[in-house]
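The values are calculated or read from the model by the stated rules, or taken from the named source; none is laboratory data. Everything numeric here is computed off the predicted structure, so don't read it as measured data. Positions of Cβ are generated from backbone atoms using ideal geometry, with glycine treated the same way; all protein chains shown enter the neighbour counts.
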Amino acid sequence: ARRTTTRDLHELYEAGIPITMVTCYDYTFARLVEKAEIDTILIGDSLGNVMQGQDTTLPVTVEDIIYHCRAVVRGNHSALIVADMPFMSYQASFEEGMRNAGRLLKEGGAQAVKVEGGRAVAPLVEQMSAHGIPVVGHLGLTPQSVHKLGGYRVQGRGEAAGQELLADAKALEEAGAFMLVLEMVPTELAQKVTESLSIPTIGIGAGNVTSGQVLVLQDLLGMNQSFTPKFLKRFANLEETVTEALGAYRDEVRERSYPGDEHSFD
Ligand code: KIV
Ligand code: NA
């Protein structure tokens, strides 16, 4: 199958077909994401939490994103690959932002990048788009601003905050963003934003009104049963599956029932 393009995603949007997105950070899962026919993959800076065990996404580097992106691209040949611009790879200057976005495409093999923020990043988004780099926006809970926001909480509650978020969304569309992630916002606001734009919105904790959904792969697979934000549905219990398999391996090794003759060479 050929790789999904931004045009393909826009066609799904126009047809009213929900766009499916998951995060992915490695080759092994990237293969399975292809088998499951997921439309688009995000190499999220959530890899700081999920792959590295960091408390926030702030320590993640451009090198980290490139490393994981290259592994994902080798394992998946059908999804549109979006790479997150990590904290401080685009905030300090225009030029740095452009060069780092370019690295995610040239070295990482991504087809698009994602940046957090609204009007503050709109000029950069415009520059990227003008130079042929497709950009996904990200509004609502923007984890790179966790210290300013004072925690991982719902954003855009109330009339004033809602209007601000809507203005940010319109600025991103105007600047040329081809898609917009809405994270942890009230459903009513997500609906208003979605109806006001002519680019697809991708929700995570934004209700069932957006043009598509995204979840962190390990979260939706239930690999950490103690991570239970309200928006998350665990579609499997891999924590249990994996722990049980490892326990079976441990027992069989200890009791010398594995390896058997069928696993051994003459
Ligand atoms: O890094 C990430 O996983 C994300 C998604 C939650 C949208 O930005
Ligand atoms: Na992210």
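Being over 22 Å from V216 (Cα atoms) and within 16 Å of ligand 1 (Cβ to nearest atom) is the filter here, so list the residues in region 178-196 that pass it.
Scanning region 178-196 gives a single hit, V193.
If you take the residues in region 67-86 that are more than 13 Å from M21 (Cα to Cα) and of a type in the set (G, A, S), which one is surrounded by the most Cβ atoms within 10 Å (Cβ to Cβ)?
Across region 67-86, the extreme among qualifying residues is A71.
Of the residues L12, L32, only one is over 30 Å from E195 (Cβ atoms) and either at pLDDT 95 or above or outside any loop (DSSP other than H, G, I, E, B) (or both); which?
L32
Out of all the residues in region 52-73, which are within 20 Å of I204 (Cα to Cα) and out of contact with any Gly (no Cβ under 6 Å at 6 or more places or on another chain)?
Within region 52-73, D55, T56, L58 meet the criteria.
Which of the residues spanning region 12-52 are over 15 Å from the mean Cα position of the chain (by Cα) and within 16 Å of ligand 2 (Cβ to nearest atom)?
Of everything in region 12-52, just one residue is over 15 Å from the mean Cα position of the chain (by Cα) and within 16 Å of ligand 2 (Cβ to nearest atom), namely Q52.
Here is a list: D8, D26, D64. Which entry is charged (D, E, K, R) and within 13 Å of ligand 1 (Cβ to nearest atom)?
D64
In this structure, does S89 turn out to be within 24 Å of E126 (Cα to Cα), within 16 Å of ligand 2 (Cβ to nearest atom) and out of contact with any strand residue (DSSP E or B) (no Cβ under 6 Å at 6 or more places or on another chain)?
Taking the combined requirement at face value, the residue satisfies it.
If the Cβ limit is 7 Å and pairs must be 6+ apart or interchain, which residue in region 91-109 that is free of Cβ contacts under 8 Å to residues at least 60 places away in the same chain and more than 19 Å from T40 (Cα to Cα) pairs with which residue that is of a type in the set (S, T, N, Q) and in a helix (DSSP H, G or I)?
That search, which allows pairs on different chains as well, returns F94/Q127; M98/Q127.
Looking only at region 126-147, filter to residues that are touching a residue at least 24 places away in the same chain (Cβ under 8 Å) and under 18 Å from I81 (Cβ atoms); which one of those is farthest from ligand 1 (Cβ to nearest atom)?
S129
Within region 35-54, can you find the residues that are assigned to a loop (DSSP other than H, G, I, E, B) and more than 16 Å from Q218 (Cβ to Cβ)?
Across region 35-54, the qualifying residues are E37, D39.
Only one of (1) within 14 Å of ligand 1 (Cβ to nearest atom); (2) of a type in the set (G, A, S); (3) on the phi > 0 side of the Ramachandran plot fails for G109. Which number is that?
Against the list (1) within 14 Å of ligand 1 (Cβ to nearest atom); (2) of a type in the set (G, A, S); (3) on the phi > 0 side of the Ramachandran plot, G109 comes up short only on (1).
Suppose we filter S264, S257, S211 for residues that are under 23 Å from the mean Cα position of the chain (by Cα) and small (G, A, S); which single one remains?
The unique qualifying residue is S211.
For the list (1) away from ligand 2 (no atom under 16 Å from the Cβ); (2) more than 16 Å from the chain's Cα centre (by Cα), I need the number of the one condition that P59 fails.
Failing condition for P59: (1).
State all residues of region 204-241 that are among the small types (G, A, S), more than 19 Å from G53 (Cβ to Cβ) and more than 10 Å from ligand 1 (Cβ to nearest atom); if no residue qualifies, say none.
Within region 204-241, A206, G207, S211, G212, A236 meet the criteria.
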